[in-house]
Amino acid sequence: MAKISSVITGTGSYIPKRKISNSYFSDHTFLTPKGEQFDKSTQEIIDKLEEITGIKERRYVTDDLLASDIGTKASEKAIESADIDPETIDYIIVAHNFGDIRADNKKVDMLPSLASRIKQNLGIKNPSCVAYDLPFGCPGWLQGLIQGHYYLQSGDVKRILVVGTETLSRICDPHDRDSMIFSDGAGATILEGQETNEQKGILSHATRTDTEREAYYLTMGPSYNPDRDDTLYIKMKGRRLYQYALSNVPGTVQRSIDKADINLDDIRKVLIHQANAKMDQAIIKQLFKLYNRSAIPSDLVPMTIDWLGNSSVATIPTLLDLIIRGKMDSHTLDPGDAFIMASVGAGMNINSVAYRM
């Protein structure tokens with residue numbers, strides 16, 4: 001019997017042109033949360049970050065671009081990829097955390113919503129195309145995909161644009177060593193409802209939010225330099241984040257796999273949020289332990305963090321777009337392949353989607 005499947009029919013991404021290597025931070029003065037200097041040199045701090053996270057460089061937007069601008073560019077590519085008329089889009093869901101932040105003004109700007117700005121940029125006139133924002137931490141784009149899936153399952157909606165866009169470089173404290181992790185970028189997908197006889201598209205999902213102790217593991221706070229202005233910057237408790245992710249992401253991914261009624265061996269790729277290479281490796285290792293498995297395929301987890309850094313909501317859709325377009329060496333997704341998309345971030349939120357091409 002035919003059923004409605006939620007299928008990704010187009011992908012797009014925008015990777016900023018400015019390459020920021022680790023040497024960019026050589027003249028920075030990194031301070032502790034108490035405003036004190038470390039007993040290590042700046043170069044030692046940089047080297048340690050690269051060792052732990054795997055980040056060698058990241059991308060920053062040029063001063064003339066905003067999050068809504070690069071979200072529009074990624075959307076245009078996704079629309080072109082899907083070969084659709086943008087006027088036929090029923091929903092535009094835009095995941096982000098800080099709105100449009102100008103290069104010369106660090107204040108958050110979310111009025112009107114980024115989704116409304118992107119809809120206008122795309123020239124969509126259809127008033128029935130509903131545009132709204134989704135702030136959900138780094139898992140925001142994937143949560144938008146989950147929401148879109150439910151709209152499509154209703155049968156009243158046919159086509160959805162889901163965007164993840166962020167300019168984290170403009171909300172980073174230059175005196176915080178964690179600022180070296182973050183980057184800018186945008187990714188977008190067209191999600192459509194299609195009548196199919198076989199299992200394809202979104203097979204299942206799992207999501208959780210933990211706030212008892214975890215709500216402020218990622219937050220906003222003043223610069224570690226007490227002499228700096230009163231701007232609020234992104235702050236994180238790295239060790240607690242690591243422990244939280246390792247304890248909770250594998251089980252959430254397992255739930256999505258089991259709900260999809262597929263086997264671990266069926267999974268061709270795991271597209272995981274690109275936040276920390278060692279953490280991602282540990283998460284996958286723990287996932288396999290849950291299935292009493294130890295041998296992990298060498299090509300299971302494609303990584304972009306070494307050259308793109310952590311672009312929050314943009315990491316997974318960008319990674320997916322690169323694979324679909326054949327721009328990730330040795331990584332492909334073919335019709336019938338099952339794969340997982342999973343993310344963790346501020347909230348604290350975790351989600352995982354099982355998908356079949």
message = Just to be sure I understand, if you calculate Rg/Rh (Cα atoms, Kirkwood Rh) for this structure, which of [x] 0.99; [y] 0.96; [z] 1.15 do you get?
response = [y]
key: Sequence-distant lysines (8 or more away, or on other chains) whose Cα lies within less than 22 Å of Lys158   = Lys3, Lys77, Lys119, Lys125, Lys200
Contour minus Cα-Cα distance for Lys289 and Asn263 (0.36 nm per residue) = 8.0 nm
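Report the calculated FRET efficiency for Arg18 and Lys125 (r = Cβ-Cβ distance, R0 = 45 Å), to the nearest 0.05.
Efficiency computed from Cβ-Cβ geometry: 0.85.
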ask   = Going by average Cβ neighbours within 10 Å, how do the peptides 269-280, 180-191, 45-56 rank, with the highest at the top?
value = 180-191, 269-280, 45-56
query = Each label point is 7 Å from the Cα along the Cα-to-Cβ direction; what then is the distance between the points at Tyr216 and Thr62, in nm?
reply = 4.1
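So, counting K/R as plus one and D/E as minus one, what does the shell of residues with Cβ under 12 Å around Gly201 add up to? Provide the component values of the computation, followed by the final result.
Working: positive: Lys3, Lys200, Arg356; negative: Glu192, Glu195, Glu198.
Neighbour charge sum, excluding Gly201 itself: 0.
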ask   = For region 229-327: lysine pairs with Cα atoms under 18 Å, gap of 8 or more or different chains, count?
value = 7
query = Label-point separation (nm) for Asp27 and Leu300, each offset 7 Å from Cα along Cα-to-Cβ?
reply = 4.5
ask   = What percent do you get for the relative contact order of the chain when only Cα pairs under 8 Å and 6+ apart count?
value = 26
Centre separation in Å (Cα based) which lies between region 269-334 and region 78-152 = 25
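No value in this document is a laboratory result; all are computed from the given coordinates. From a predicted model like this one, the values you see are computed outputs, not experimental measurements. Using ideal geometry, Cβ is built from the backbone for each residue, glycine included, and neighbour counts are taken over all protein chains shown.
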